[in-house]
Amino acid sequence: MRFDLLGPLVVRREGRPVALGTVKQRLLLAALLMRPNEVVGTEELAAVLWADDSPPSAAANLRTYVRGLRRSLGGDGESWEGISASAGGYRLQVGPDERDLDRFDAAAARGRDALAAGDTARAGSELATAVAIWRGAALSDLPPHPLLARRVRQWEERRMVAEEDLADAMLAVGSSAEVVQRLRALLDRHPLRQRAWGQLMLGLYRIGDVAAALDAFRQARQVLAEQTGLDPAPQLTRLHNDILHHHPNLAAGPATGAGGSVPDVVLPDPLGGRPEQLPLAVSGFVGRNAELASLHRLLRTEAQEPRVAISTVSGMAGVGKTALALHWAHRVAGHFPDGQLYVNLRGYDDADVVSPADALLGFLEALGVPHARIPSSMEARSGLYRSLLASRRMLVVLDNARDSAQVRPLLPGAGGCLVVVTSRDQLSGLVAVECAVPLTLDVLTDEESLSLLGSRLGSHRLVAEPTAAADIIAATGRLPLALSMVAARIATHPSFPLDAFAAELHAAEARLDALANGDARRVFSWSYLALGRESARLFRLLGLHPGPDLTTDSAAALAGVSVPAVVPPLRELTRLHLLTEHLPGRYAFHDLLRGYAAELVESAEHTDEQVATRRRLYDHYLHNAYPAALLLQPQWAPIDPVPPLPTQARRAATDHDTALAWFAAERRVLLRLVVQAAETGFEAYAWQIAWTLNTFLAPRGLWQEQLASQQVALAAAEKIDDVAGQAATNRLLARAFTRLGQHDTAEYRLRRALEFHERLGDPTGQAQTLHNYCELSYLLGRPDEALAHAREALRLYRLAGNGSGEARTLNAIGWLYASTGDYTQAIASCTEALAQQRHSGDRNGQAATLDSLGFAYDRLGDHDRALRCYEQAIGLFRDSADRYHEAETLIRLGDTREAIADLPGAANAWRRAAQIYDELGDRTAEDARRRLQRLG
């Protein structure tokens with residue numbers, strides 16, 4: 001297959017054009033081609049196909065377009081298998097050099113390398129090849145779309161750089177007349193390219209047309225002034241002066257390199273590479289004039305003395321710290337020509353706090369650093385981040401920080417950047433050490449509170465009832481969050497007098513105490529008491545959910561009602577701002593409201609009702625997670641889950657893709673739920689939910705999360721002396737410890753797991769544990785012991801009649817043979833395993849076995865067969881979203897390609913492996929990068 005994007009979208013199969021069908025199918029293919037070999041989410045694809053107007057049937061229509069595209073690409077009535085559904089989206093498999101964009105990038109890189117090495121003839125040839133790949137504007141036959149247009153602009157920037165590099169090479173070999181012709185055409189399309197203007201001036205000078213060279217400078221200065229308001233760069237002005245004085249360095253140099261004679265004049269493309277991450281500012285922002293003036297003073301100080309300036313904005317929850325920071329940031333964004341960075345650090349959400357390493361990953365991606373170049377350690381990421389910001393003028397907003405330690409790695413080290421940090425904490429450490437300017441927010445003044453209500457309700461209502469308006473402001477304690485909630489309630493009854501609402505607020509005050517940190521609780525109670533009976537009950541019960549968000553189904557389970565019955569209460573809670581539907585069908589609390597609901601449920605619900613609600617909640621998640629887990633890992637030995645309760649709300653996954661999407665959406669909830677269930681007396685649910693979650697975490701290499709959840713699960717199983725739970729959790733803990741390099745602890749846990757499985761008389765569990773013990777022994781350099789464990793596991797699997805486990809152990813035995821040099825035995829054992837796995841449909845097992853076969857064939861020197869095995873294994877690992885093992889096989893694929901002198905293929909495989917390891921936070925990424933460095 002050949003996919004050509006640099007011009008009209010064209011696909012060729014075996015040299016013949018492919019009819020791609022409808023415009024929607026072509027848009028779908030373009031979106032997938034922009035992120036080859038990655039899962040593109042259904043929401044992103046829907047945005048490309050329908051912009052902001054997705055129909056209710058978008059998911060079904062998307063599946064139809066995928067089927068149509070597969071048929072178009074397959075030909076002869078066949079369905080092409082290069083598009084696979086996975087992890088809530090679709091992946092398009094593209095091989096090396098199948099996209100013209102990749103061929104362009106490779107040729108341009110070779111050309112630049114040749115320029116750097118002084119081989120200007122080869123540089124010109126490679127760069128000319130790169131530029132000739134373009135057939136016009138990229139994707140020019142598709143309807144305009146913002147998501148496509150942004151990526152096309154990035155490609156166009158790469159094209160312009162290659163054109164300019166080619167001009168350097170041509171000037172170096174004396175082709176000045178041809179350069180002039182090419183550059184005039186380029187500057188007609190892109191008149192802001194200062195490097196190209198400099199090359200044009202030099203080319204004109206070298207062909208003897210000095211007047212035209214000076215006129216080109218005048219044209220450049222005029223177009224820059226008209227379109228940007230900027231003067232020419234100093235390098236361009238210096239070149240103009242050299243031309244005026246016929247400086248000797250302008251003469252054509254030897255045709256051996258680009259030479260220092262070509263000026264390095266670069267103006268960044270105004271359309272590309274400038275992060276603008278600020279979220280929408282709060283509408284109807286009022287007041288805070290003194291605080292805004294304080295921030296503006298910081299801006300003036302930073303401009304007078306270029307350095308990193310920091311402001312901390314602190315105050316209680318709900319006081320409007322984020323609203324102030326974003327309002328001001330949007331107002332001053334124009335002062336920061338290099339863009340704005342923003343992250344919500346979620347510092348007071350213990351289960352979902354953003355680590356500095358993760359925040360740095362997002363910033364580096366926004367700054368254009370490719371995944372493969374992002375370091376794995378936090379310290380290295382921080383160093384790279386500071387290097388990138390040292391020469392830039394950017395605004396950085398760090399929202400909702402927990403403490404100074406969370407913030408410090410995210411601070412620029414030098415340059416003209418300004419940082420605003422919001423937190424409930426005063427961040428005195430930043431004030432003392434980093435000289436941050438503190439700004440503490442209090443509640444609004446009476447005038448500001450009146451303005452806020454007026455912006456939401458209309459000033460006429462306040463003018464008509466000034467006393468009632470003043471009473472409402474007093475009752476809310478002038479807290480912005482509370483005022484907004486009151487305004488939302490009043491706005492739903494435009495004909496009601498304000499004094500009716502004021503009276504309700506005072507009645508609520510008589511029944512409930514005020515919070516120590518303000519009057520928020522009184523306002524919450526006022527909104528709560530305005531709810532209908534079912535909505536109020538649901539609000540209380542939501543306080544038992546661990547967060548960070550929940551679905552309609554889980555709300556129905558909490559309430560013990562059907563899904564249709566829970567929809568009206570959810571709508572009422574959302575309408576009154578007691579709940580936010582932050583994603584379609586997913587609801588979240590403000591953390592103050594979550595705490596308030598938890599207080600209510602403790603005081604209003606009997607203990608029996610709380611226990612029953614928690615049981616319904618844990619039952620809902622366990623019996624949605626368990627069938628999904630079996631779909632993800634059908635070869636795993638099942639457990640006996642707690643018997644399900646009768647319910648109307650359960651909608652279990654029915655296939656691998658929906659199971660994967662369910663776990664991806666619920667992962668954060670499940671991690672919290674394991675802890676909560678263990679703490680509230682539901683230990684069996686705790687270890688069993690952790691077991692189901694592991695089927696999702698392990699293939700993604702999320703070993704720290706697996707370790708944390710299994711440690712809680714083991715303690716829960718031990719507390720109730722659940723032998724099956726202790727057996728399973730010890731084994732899964734050992735897997736996590738093995739992957740994290742804590743081998744002694746892993747070995748202890750494996751021995752404990754074996755003891756429990758023997759007490760249970762469970763040969764399958766013993767075999768599974770021995771299989772894991774085999775891997776650990778191999779890693780510890782004990783191959784004979786590993787083989788003994790594998791043979792015993794094979795015997796037990798056969799005794800239990802477990803064909804899937806038998807096949808996987810045959811593969812493990814084959815790998816051990818290959819690692820000790822017995823390649824013939826290895827191939828025989830793995831071939832037997834592969835036949836059984838193909839018969840049973842164990843696709844993930846097939847991938848592992850094909851990887852082992854590839855290794856054995858590679859060692860025998862049969863590189864072609866090894867490559868075929870590795871490529872098949874990688875495809876199967878991708879289909880099952882097993883990213884960790886996909887990366888392992890990519891490393892070996894690169895080794896084999898290096899052995900046959902396919903260095904570009906090796907580099908591509910290792911780069912893909914490094915990217916996956918980086919995304920998983922795995923240190924093995926450094927091994928992949930060392931291989932890349934070896935290639936130079």
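The values are calculated or read from the model by the stated rules, or taken from the named source; none is laboratory data. Keep in mind the model is a prediction, meaning the values are calculated, not measured. Neighbour counts are summed over all protein chains in view; Cβ atoms, including those assigned to glycine, are modelled from backbone coordinates with ideal geometry.
Inside the stretch 478-500, residues that are closer than 19 Å to residue 318 by Cα and either among the small types (Gly, Ala, Ser) or part of a helix (DSSP H, G or I) (or both) make up a count of 10. When the stretch 1-12 is filtered for residues that are basic (Lys, Arg) and surrounded by 15 or more Cβ atoms within 10 Å (Cβ to Cβ), only 2 remains. Within the stretch 816-867, restricting attention to residues that are in contact with a Cys (Cβ under 6 Å, 6 or more places away or on another chain) and of a type outside the set (Gly, Ala, Ser), the residue that is farthest from residue 784 (Cα to Cα) is 850. Cβ-Cβ distances below 6 Å connect the following pairs, each with a first residue in the stretch 430-453 that is under 19 Å from residue 410 (Cβ atoms), a second residue that is among the β-branched types (Val, Ile, Thr) and surrounded by 15 or more Cβ atoms within 10 Å (Cβ to Cβ), and a separation of six or more residues or different chains: 430/312; 434/310; 436/310; 436/312; 438/312; 438/431; 439/313. Take residue 914 and decide whether it is aliphatic (A, V, I, L, M) and closer than 18 Å to residue 36 by Cα. Against the criterion (aliphatic (A, V, I, L, M) and closer than 18 Å to residue 36 by Cα), residue 914 qualifies.
Just checking, how many residues over the stretch 116-131 are buried (at least 23 other Cβ atoms within 10 Å of the Cβ), touching a residue at least 40 places away in the same chain (Cβ under 8 Å) and not small (Gly, Ala, Ser)?
So the answer is 2.
Inside the stretch 424-453, residues that are out of contact with any Lys or Arg (no Cβ under 8 Å at 6 or more places or on another chain) and under 19 Å from residue 502 (Cβ atoms) make up a count of 5. Across the stretch 651-670, the number of residues qualifying as within 21 Å of residue 588 (Cα to Cα) and crowded, with 18+ Cβ neighbours inside 10 Å comes to 6.
For the criterion of being within 34 Å of the chain's Cα centre (by Cα) and of a type outside the set (Gly, Ala, Ser), residue 757 fails.
Considering the stretch 741-752, the residues that are closer than 21 Å to residue 812 by Cα and assigned to a helix (DSSP H, G or I) include one that is farthest from the chain's Cα centre (by Cα), namely 751. What's the total number of residues in the stretch 793-818 that are basic (Lys, Arg) and crowded, with 24+ Cβ neighbours inside 10 Å? The total comes to 1. Sub-8 Å Cβ pairs linking a first residue in the stretch 180-195 that is assigned by TED's automatic domain parsing to the domain that holds residue 222 and among the polar types (S, T, N, Q) to a second residue that is part of a loop (DSSP other than H, G, I, E, B) and at pLDDT 90 or above, at least 6 apart or interchain, number zero. Which one is surrounded by the fewest Cβ atoms within 10 Å (Cβ to Cβ) among residues in the stretch 331-359 that are closer than 30 Å to residue 708 by Cα and modelled with pLDDT under 85? Ranking the candidates gives 350 first. So, in the stretch 671-708, of the ones that are over 22 Å from the mean Cα position of the chain (by Cα) and hydroxyl-bearing (Ser, Thr, Tyr), which residue ends up surrounded by the fewest Cβ atoms within 10 Å (Cβ to Cβ)? By that ranking, first place goes to 680.
Take the residues in the stretch 32-50 that are touching a residue at least 60 places away in the same chain (Cβ under 8 Å) and closer than 21 Å to residue 876 by Cα; name whichever of them is surrounded by the most Cβ atoms within 10 Å (Cβ to Cβ). It comes out as 32. Among the helices (runs of 4 or more DSSP H) confined to the stretch 639-721, the ones with at least 1 residues that are at pLDDT below 95 and among the acidic types (Asp, Glu) are located at 656-679, 703-719.
Do we have any residue at all in the stretch 301-309 that's part of a helix (DSSP H, G or I), more than 25 Å from residue 483 (Cα to Cα) and modelled with pLDDT of 65 or more? Checked against the condition, which is being part of a helix (DSSP H, G or I), more than 25 Å from residue 483 (Cα to Cα) and modelled with pLDDT of 65 or more, the stretch 301-309 yields no hits at all.
For the stretch 428-470, filtering for residues that are farther than 30 Å from residue 403 by Cα and either of a type outside the set (Asp, Glu) or in contact with a strand residue (DSSP E or B) (Cβ under 6 Å, 6 or more places away or on another chain) (or both) leaves 20. So, residue 572, is that one in contact with a strand residue (DSSP E or B) (Cβ under 6 Å, 6 or more places away or on another chain) and acidic (Asp, Glu) or not? So residue 572 fails the test. If you check residue 868 against the conditions, is it charged (D, E, K, R) and either assigned by TED's automatic domain parsing to the domain that holds residue 85 or outside any helix (DSSP H, G or I) (or both)? Considered against the rule, which asks whether it is charged (D, E, K, R) and either assigned by TED's automatic domain parsing to the domain that holds residue 85 or outside any helix (DSSP H, G or I) (or both), residue 868 comes out as no. So for the stretch 910-929 (the condition being among the hydroxyl-bearing types (Ser, Thr, Tyr) and either modelled with pLDDT of 90 or more or assigned by TED's automatic domain parsing to the domain that holds residue 696 (or both)), does at least one residue qualify? Checked the stretch 910-929: no residue is among the hydroxyl-bearing types (Ser, Thr, Tyr) and either modelled with pLDDT of 90 or more or assigned by TED's automatic domain parsing to the domain that holds residue 696 (or both). The lone criterion from (1) in a helix (DSSP H, G or I); (2) under 28 Å from residue 501 (Cβ atoms) left unmet by residue 531 is number (1).
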